[in-house]
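Encoded as structure tokens, the structure appears first; notes follow it.
The values are calculated or read from the model by the stated rules, or taken from the named source; none is laboratory data. As the structure is a prediction and not an experimental result, all values here were calculated from the model. A quick note on method: Cβ atoms are made from the backbone with ideal geometry, for glycine too, and the neighbour counts reach across all protein chains shown.
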Amino acid sequence: MPARVSAVIPCKDRLNLLDRALTSIAAQTVPPDEIVVVDDGSDPPLTLARDYPTPIILIRQSNRGPAAARNRGIDRASGEWIALLDCDDTWMPEKTDYQLDLLSRHEQAGFCVSNMVTHGRPSVSFPLAPSSGAPEGLIPDALERLLPGRFINTSGVMFRREAFYRAGAFDEDLWYCEDYDLWMRLAAVTPVVATTKCLSDVYVEGDNHLGAIEGKPVSVEIIASIFEKLMISPLLDTRTREQAADLLGHKLFDLAYTYRKHGQPLACCRASFKSLLHHGPLKANLKNFVLCWPDLLLRLTQSR
């Protein structure tokens, strides 16, 4: 019996882009069995203006963010396999067919990742290319490769629903990097198969939420919080938790540096102190202290 696939699309207010995403699903050589669209608090609520060949389930909820929307859609989905698509991205026509064929040849894998074509920002190196030089295959060190923060796109993944729940689903407290957080947990609970073939088009639109917070303290705070969770996660082995702990020191330094660049000297010093406690870079953190103290003293003097 062929594997049953559910496509899950979260969307807020982007009806024109949603139609583009749904049209790309309609063009699949092997379409998914169903599409679950989660309207995450659109104003006005989303309405689908035309029929599509694949059955669509439309769920509406108050705005709770992409992690909660995807969890809701996956809960409602009936497929053994979940294929995610962001509403501002599209699939290439062979995407579903290609990934299902790849998974049928690597039955132990519960997580499949494909490369992408990026639009609106520079392309990034695909981090899960097989070390053998082959265009596709199992990636036994996928977690180790992803851990430093390497990017794979949400619209290029397909995973077994059962593995998703074993990994703990999307963390609904995260509104940024919630996908990166899940990918590492998925890579910890199931073998990963990947292809360097580009099977999705990824767009960065002008009002993209990620672009609004990238490089700001809140984005680095979230990344540091992810590593704080990973270093105690029961899903990871001892060696990987230790790697996460080591990386946390560097992420906390990144946070301290970001605070300093945004004129927050006290927050910078606190983050640098935490970084040093987690074996972050000594000289770089001391430089933060040296550069922040004059500003701190000035502010203390002015407050009196």
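Return the residues of the stretch 12-38 that are buried (at least 23 other Cβ atoms within 10 Å of the Cβ) and part of a strand (DSSP E or B); say none if nothing qualifies.
Within the stretch 12-38, ILE35, VAL36, VAL37, VAL38 meet the criteria.
Quick test of your reading of the structure: PRO122 fulfils all but one of (1) over 23 Å from GLU172 (Cα atoms); (2) touching a residue at least 12 places away in the same chain (Cβ under 8 Å); (3) not β-branched (Val, Ile, Thr). Name the failing condition by number.
Every condition holds for PRO122 apart from (2).
Return the only residue of LEU255, LEU291, LEU276 being in a helix (DSSP H, G or I), surrounded by 12 or more Cβ atoms within 10 Å (Cβ to Cβ) and touching an Asp or Glu at 6+ places or on another chain (Cβ under 9 Å).
Exactly one residue qualifies, and that residue is LEU255.
Could you check HIS262 against (1) in contact (Cβ under 8 Å) with a residue 40 or more places away in the chain; (2) within 20 Å of GLY215 (Cβ to Cβ); (3) buried (at least 19 other Cβ atoms within 10 Å of the Cβ) and say which number it fails?
Result: HIS262 fails condition (3) only.
How many residues are under 19 Å from the mean Cα position of the chain (by Cα) and closer than 19 Å to ASP33 by Cβ if we restrict to the stretch 100-122?
Selection size over the stretch 100-122: 2.
Is at least one residue of the stretch 93-106 in the same structural domain as VAL30 (by TED's automatic domain parsing), buried (at least 20 other Cβ atoms within 10 Å of the Cβ) and under 30 Å from LEU252 (Cα atoms)?
Within the stretch 93-106, not a single residue is in the same structural domain as VAL30 (by TED's automatic domain parsing), buried (at least 20 other Cβ atoms within 10 Å of the Cβ) and under 30 Å from LEU252 (Cα atoms).
Condition first: more than 19 Å from ASP201 (Cβ to Cβ) and in a strand (DSSP E or B). Now tell me which residues in the stretch 100-116 satisfy that.
Result: PHE111, single match.
So is GLU214 among the acidic types (Asp, Glu), under 13 Å from the mean Cα position of the chain (by Cα) and under 30 Å from PRO265 (Cα atoms) or not?
In short, no.
I'd like to check which helices (runs of 4 or more DSSP H) are fully inside the stretch 171-252 and have at least 2 residues that are more than 30 Å from ARG20 (Cβ to Cβ).
So the answer is 178-189, 217-230.
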